[in-house]
Each structure stands twice: as C-alpha cells, then as structure tokens.
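Single-structure report; data block below.
The values are calculated or read from the model by the stated rules, or taken from the named source; none is laboratory data. Keep in mind it's a predicted model, so treat the numbers as computed, not measured. Please note: Cβ atoms are built from the backbone with ideal geometry, for glycine as well, and neighbour counts cover all protein chains shown. Heads up: the accessible areas ignore ligands, DNA and RNA and are worked out on the full protein's heavy atoms, side chains in. Shrake-Rupley method; radii C 1.70, N 1.55, O 1.52, S 1.80 Å.
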Amino acid sequence: MTVLTIQGLRSGYGRIEVLHDVAVSIERGQIVTLIGANGAGKTTFLKTISGLIRATAGTIEFEGKSIECLPPHKIVGLGLSLVPEGRAVLKRMTVMDNLRMGAFTRSDPDIARDIDAVFDRFPVLAERWNQLAGTLSGGEQQMLAIGRALVARPSLLLLDEPSLGLAPKFVTRIFQTLRDLKSEGKTILLVEQNARQALQVADSAYVLERGKIVLSGSGESLLNTPEVQETYLGQRAARSHGIRIPTFQVDGIA
Amino acid sequence: MIYQQLINGLMLGASYALIAIGYTLIFGVLKLLYFAHGEVFMVGAFVGLYLVILGGANIYVALLGAMIACAMLGVIAVYVSVRPVAKNRPLAPLISTIGLTIVLQNLAVYIFGGQQVGFPETVKQELYNFGPITVSSVQIFILAIATTLMVVLWLFIEHTKMGRAIRATAENHETAALLGVNVNRVVLITFMIGSGIAGVAGVLDGIKNSGISPFIGLGAAVKGLIVMLLGGLGNVPGAMVAGLLLGMIEILSAAYIGTTERDFFSFMILILILLYRPTGLFGTRMTEER
C-alpha cells in the first residue's frame with residue numbers, strides 16, 4: 001500500500017523555485033531514501049511535505065488525503081512526523097518534556113507507555129530524563145529527536161540528515177535504529193548526505209540533483225550504478241589515485 | 001523599621017511582578033516588545049472599579065471580571081496590532097503596539113474622563129500588628145492574590161500540556177509546529193493569560209492606591225519593562241523574583257534616601273542591567289539557536 005504519493009511538486013522560497021516537478025512514492029513498511037549534494041533541495045523537499053513551506057504546484061497525498069494545503073500542526077496530527085536537520089530538540093526543556101511534547105497531538109492513555117518504550121530503545125535518555133535537552137551530546141540529542149517523533153506514533157517518519165555531524169559510533173547507532181524501526185513495520189523517508197549507508201538501509205532510493213529527481217531505483221541497484229558511485233560514493237576519484245576502497249560490510253542487509 | 005519596609009516592598013513588588021509576567025510571556029513567544037501592556041493594566045483597573053461602583057460587585061467578582069475583560073482585550077490586541085503587521089520586520093509590531101497604547105489611553109480618557117477616580121473600600125481595612133510590624137488587611141489580600149496567581153501560573157507553565165506548548169513555542173516556532181502545536185493559537189492564549197494577569201494587577205493597584213486614572217498605564221509599563229529585563233527576557237520565574245526585588249529596592253530607597261529618588265533608583269537599575277547583565281540577573285538562555 002502506498003503511504004505517500006508526491007506528483008509534480010514545485011516549491012521554493014519566494015520567487016526562487018528550488019524543487020522542479022518532483023515525484024516520489026513511498027510504500028508502507030519501506031525505508032525510502034533521498035540522496036543528493038548540498039543545496040540539491042533535500043531539506044526544502046521535507047519542509048514542503050511537512051507544511052513548513054507551501055508547495056507552488058503539485059500534489060502531496062498522504063494515506064489518501066491531500067495535504068499540500070494543510071498547516072504543519074495539522075499534518076503532524078494525521079501521522080506524518082519530521083525530525084528536522086540539526087537535531088531540533090527543545091534545548092531549554094527537559095528530556096522528559098521533549099518526549100511529552102512528542103505526544104502533543106495525542107490524548108490517549110498510552111503516552112506514558114510509549115515514552116517508556118523510547119527509554120528502552122535509548123537507555124541513555126532514561127538516565128538523563130530530567131536534564132535539559134541542551135546539555136545532551138549531539139548523538140544523544142539526535143536520539144531524543146527521533147524518540148520524540150516516535151512518541152507521536154507517526155505512520156510516516158521523515159528524517160533530515162540524522163547522521164550529520166555525529167561521531168562514527170552514533171552514526172552506526174542511528175542507522176541501526178532505522179533498521180530496527182523498519183523491522184517493527186515503520187515507514188521511513190530518509191534524507192542523507194551519507195549516501196552509502198543510506199542506500200544500504202533503503203528499499204528504494206531517489207537521487208535529487210538541482211531540484212530534480214535524476215535517478216531512482218532500489219537502494220542496492222543505486223549502490224551499483226556508476227553515476228551514483230562517482231558522484232556520491234566518491235569511488236572514481238579514489239580509484240584513479242590507486243586507492244582501494246574498503247567496502248563496508250553491514251549485517252542484515254538483503 | 002526595616003522589616004516593615006521590606007513587607008511594604010513586597011506588596012509593591014507583587015504588582016510589578018504580575019505586570020512583568022505578562023510582558024515576559026509575550027516576549028517569550030513572539031520576541032516582541034509589546035507596548036500596550038501597561039494600558040491593558042489600566043483598563044483592568046477601570047473594569048474592576050466600574051464593576052464595584054456600578055455593578056455592586058464584590059472584590060472577587062471585580063478581579064475575575066477585570067481578568068476576563070483584559071484577556072479579551074489581549075485577543076483584540078493580537079488581531080489589530082500584531083497579526084496584520086509584517087512578521088519579518090521586528091520594529092513594525094513595536095510601532096503598532098505603541099499605536100494601540102495611544103488609542104487605548106485616549107479611549108479611556110473619553111470614556112472615564114481624565115481625572116483620578118477613587119476606588120471604594122472593597123477590602124475591609126484592618127491593621128494587624130506582628131510585634132513591630134504593622135500589616136493591613138489590604139496588603140495581605142494583595143499579596144495573597146498575587147502569590148496565588150503566580151503559583152497557579154507557574155504550575156500551569158511547568159506541568160500542563162498547554163504550558164509545555166507555550167515553552168516550546170517560546171523556544172522555536174518551527175519545532176513547536178512540527179510537533180503539532182498550532183503556534184498562532186498558542187500566541188493568542190499567551191496574550192490572553194498575560195493580559196488577564198495584568199488586569200488583576202490593575203485592580204490590585206487600584207485597591208492599594210485607592211485611586212486610578214487613564215494615565216497609570218505608562219508607569220506600570222515602564223516598571224514592568226524594568227522587571228522583565230531584571231529577571232531576564234522570557235524568564236517567568238525570573239520576572240516573579242525580579243518584581244519583588246524591584247519593589248523592595250524602591251521602598252527601601254524611598255524610606256532611607258528620599259521619596260523623590262524612588263524612580264531614579266529603578267532607572268539606575270535598568271541602566272546597570274543593560275550595561276552589565278543584559279541577560280538579566282538570572283541569565284536567561286535567550287540566545288537564538290538557529
């Protein structure tokens with residue numbers, strides 16, 4: 001079943017169009033990744049889906065509903081959560097209050113249980129539940145941002161560069177979390193500059209260049225596409241200098 | 001003698017704190033210096049007065065009436081002086097709320113007249129002696145109402161869903177919206193709360209000074225502003241403590257140095273704060289993280 005269908009999407013800032021006629025579709029239970037260089041329009045794409053930027057043309061259909069005209073708080077209420085770039089935790093609020101804010105759209109009695117589930121997933125957050133989020137390390141803030149989005153029980157989770165600026169052990173941790181979430185049946189749209197790891201976890205992938213989708217396919221097939229290897233995996237440059245690229249082996253990848 | 005003065009300072013400070021809370025709440029969510037707040041305080045005082053004089057209301061009804069009327073006025077203020085004005089130009093809403101100040105003040109002169117109007121005795125005046133200290137029933141009443149309001153507000157901000165939404169909005173509009181917060185609604189509610197509290201402060205001020213006029217707004221606005229800066233922009237507990245502090249400083253300087261120097265000390269504090277502790281006494285973390 002298709003969770004999100006985007007067609008003919010155009011969007012940008014003022015009179016500057018950043019996205020030109022973008023089409024993307026996401027099936028339930030999949031990890032879909034969008035890779036692209038800095039300035040390709042990845043963040044604009046996510047901001048447009050979540051309602052922070054109004055699309056100038058095109059349709060965004062989420063679970064059968066048109067959402068391109070809705071304000072962001074209504075879109076969250078429908079079950080689409082964005083974890084913004086740069087770990088946008090509420091730094092002056094405690095870890096616990098951040099997680100409670102994650103449940104802002106909910107009013108059912110299971111919220112406490114879902115917060116406990118986040119603490120089980122990221123035990124370091126349980127230790128620091130009463131600390132201000134601004135005092136956490138970058139990796140911990142990213143875990144909090146993801147945990148907070150999960151408390152909303154989204155049917156689609158959008159992640160904007162979750163590995164950006166993190167220490168390698170946290171990057172591994174974040175990608176492991178994405179695999180866990182997928183095995184739990186969650187649907188994820190992942191935007192990344194870390195193309196290799198993103199393509200390794202993704203069921204399907206899109207390449208965004210200067211506001212246009214230039215390639216799409218399964219994560220694995222894009223990993224083996226020469227254009228992708230050259231531009232995003234940096235293999236040609238290395239090869240031409242006679243350097244052998246060590247390939248990452250990650251367990252559990254089909 | 002000094003204890004007596006400290007008690008008096010506490011009373012004065014309580015009403016400063018109530019005004020400053022509204023200022024700082026509104027500054028928190030909008031990063032906007034909202035000038036009309038002092039006039040909302042003035043309107044609150046008049047609403048309370050007229051409920052007592054014309055409606056024969058008791059003081060609690062007058063307080064509640066002023067609170068509701070001012071909360072409504074806060075909503076009107078948002079619609080006429082904040083929303084229509086360009087958001088990306090920070091000076092524009094500053095000017096438009098100054099405009100609202102002028103309108104409200106003139107409207108009050110037109111309706112209530114420019115004279116000082118006496119506030120009838122609504123709280124029975126009794127004096128209690130605790131050793132060397134004399135406290136009046138009015139003072140106890142004012143302090144009790146102000147303290148109750150501050151405690152309730154603090155609990156609301158810290159422990160309710162809407163309180164958390166206000167804090168989240170104060171920190172970052174975009175992040176709050178992405179969590180499902182209707183930011184425009186939160187801004188409106190914040191104005192209602194801040195204005196409602198200012199209305200109560202107006203009535204309390206009327207009881208204390210037993211007289212009000214359409215021109216009490218400016219003084220209240222300036223004192224509220226000093227307290228907000230002293231407590232740290234957007235810092236609600238800071239405003240509470242700073243309000244009490246400023247009240248005591250004023251009373252003590254009036255008692256030991258001279259009545260005419262009272263405001264001089266307030267403004268000296270303002271200048272010193274701006275020079276040496278621009279983040280306020282309690283160092284608010286207001287730096288924009290973008």
Item to check | For segment B:208-256 and segment B:51-108, distance of Cα centres in Å | outcome: 19 Å
Checklist entry - Once the mean 1/r over all distinct Cα pairs of segment B:2-276 is inverted, what Kirkwood radius in angstroms do you read off? => result 18.9 Å
Item to check | Å² per residue, accessible surface of chain B at 1.4 Å | outcome: 44 Å²
Checklist entry - Rg and Dmax of the protein assembly as shown over Cα atoms: what are they, in angstrom? => result 28.5, 95
Item to check | Structure-based [θ]222 nm, the protein assembly as shown - -39500 (n - 2.57) summed over DSSP H runs of at least 4, per residue, nearest 500 | outcome: -17500 deg cm²/dmol
Item to check | Fraction of antiparallel bridges per DSSP, chain A only, in percent to nearest 5 | outcome: 55 percent
Item to check | Cβ crowding within 10 Å averaged over residues, with B:15-25, A:135-145 ranked highest first | outcome: B:15-25, A:135-145
Checklist outcome for this item: Taking 0.36 nm per residue of separation between A:Ser221 and A:Ala37 and subtracting their Cα-Cα distance, the length gained on full extension comes to 64.3 nm
Checklist entry - Other chains' Cβ within 10 Å of B:164-177 residues: what's the mean? => result 5
Next on the checklist: Placing unit charges on C-beta atoms (Lys and Arg positive, Asp and Glu negative, everything else neutral), compute the dipole magnitude of segment B:118-188 about its Cα centre in debye, rounded to 20.
Outcome noted: 200 debye
Item to check | Cα pair count fraction exceeding 19 Å, expressed as % - segment B:175-284 | outcome: 56 percent
Checklist entry - Rounded, prolate or oblate: which fits chain A, taking a ≥ b ≥ c as square roots of the Cα gyration tensor eigenvalues, rounded meaning a/c under 1.5, else prolate when a/b beats b/c? => result oblate
Next on the checklist: Once each part is reduced to its C-alpha centroid, what is the distance from segment B:169-197 to segment B:111-131 in angstrom?
Outcome noted: 36 Å
Checklist entry - Arranged from highest to lowest average of other beta-carbon atoms within 10 Å per residue, in what order do the peptides A:181-192, B:113-124, A:212-223, B:216-227 appear? => result B:216-227, A:181-192, A:212-223, B:113-124
Checklist entry - Which shape class, rounded, prolate or oblate, goes with segment B:69-108 when its Cα gyration tensor gives a ≥ b ≥ c as root eigenvalues, a/c under 1.5 marks rounded, and past that a/b bigger than b/c marks prolate? => result oblate
Next on the checklist: For the pairs A:Lys47/A:Lys74; A:Lys91/B:Lys31; B:Lys124/B:Lys208; A:Lys91/B:Lys87; A:Lys47/A:Lys212; A:Lys182/B:Lys161, flag any whose C-alpha to C-alpha distance is greater than 20 Å.
Outcome noted: A:Lys91/B:Lys87; A:Lys182/B:Lys161
Checklist outcome for this item: Rounded to one decimal in nm, the spacing of the 7 Å Cα→Cβ label points at A:Asp21 and B:Ile133 is 7.9 nm
Item to check | Separation of alpha-carbon centers, segment A:61-116 and segment B:10-30, rounded to whole Å | outcome: 31 Å
